[in-house]
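The values are calculated or read from the model by the stated rules, or taken from the named source; none is laboratory data. Just so you know, these numbers come straight off a predicted model, no measurement behind them. All Cβ positions, glycine included, derive from the backbone under ideal geometry; neighbour counts span all protein chains shown. The area values use the complete protein model at the heavy-atom level, side chains included, leaving out ligands, DNA and RNA. Shrake-Rupley method; radii C 1.70, N 1.55, O 1.52, S 1.80 Å.
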Amino acid sequence: MNPTLKTLTPTHMQNVPNHSNQSNSQKSYSVVIAEDDRIMADLMAMNLRRLGHRVAGIAANGKEAVTMALKTRPDVMVMDIHMPILDGFQAAREILTNYPVPVVLMSGMSDARAASRAADLNIISYLVKPFSPAQLKIAVHLAVAQFRGLAASEIVSAA
């Protein structure tokens, strides 16, 4: 299993570009949400905005997530695993093939198989629904920080 995978459990409801136009100290990111449950997507968007992030878009399925990610080039993706057309794993694979971006996967189920599939894709953060705004904040910041650290270490090891 990839040691960079971080699993968060619920308590309640570099030469890779620095995608953000804001400084690291502000910790504000452009986010694309991919979630087929519109109420959940709107709730996440509201919480991300309250945390100071900009929601670049909300995709209702995996195919929309790929298109939106490649068009808006967000700082981070927050994606449900279980979505129509392309699931979160398929969408993440397609996005990461074309655009290196940190991905936070989320699911209503906590299972080792999903965590293993996420690790195989080098997904850095995984949330189990329901999760609190504080857990979402941690997952987003952790994904971006770990992604930037991985990118920097890959550049150094390639030199």
Exercise. If you go through the stretch 76-103, how many residues are among the charged types (D, E, K, R) and open to solvent by less than 10 Å² (accessible area, probe 1.4 Å)?
Worked result: 1
Problem set entry | Residue in the stretch 133-145 that is within 18 Å of Leu51 (Cα to Cα), open to solvent by 60 Å² or more (accessible area, probe 1.4 Å), modelled with pLDDT under 90 and of a type outside the set (D, E, K, R) present | yes
Exercise. Does the stretch 8-23 contain any residue that is touching a Pro at 6+ places or on another chain (Cβ under 6 Å), hydrophobic (A, V, I, L, M, F, W, C) and modelled with pLDDT of 95 or more?
Worked result: no
Seminar exercise, completed: So the helices (runs of 4 or more DSSP H) completely within the stretch 17-126 holding 3 or more residues that are under 17 Å from His141 (Cβ atoms) are 38-50
For this session: For the stretch 46-58, state whether one or more residues are in contact with a Phe, Trp or Tyr (Cβ under 7 Å, 6 or more places away or on another chain) and closer than 20 Å to Tyr126 by Cβ.
Result: yes
Problem set entry | Selected residue [modelled with pLDDT of 80 or more, aliphatic (A, V, I, L, M), surrounded by fewer than 24 Cβ atoms within 10 Å (Cβ to Cβ) and closer than 19 Å to Asp42 by Cα] from Met106, Met68 | Met68
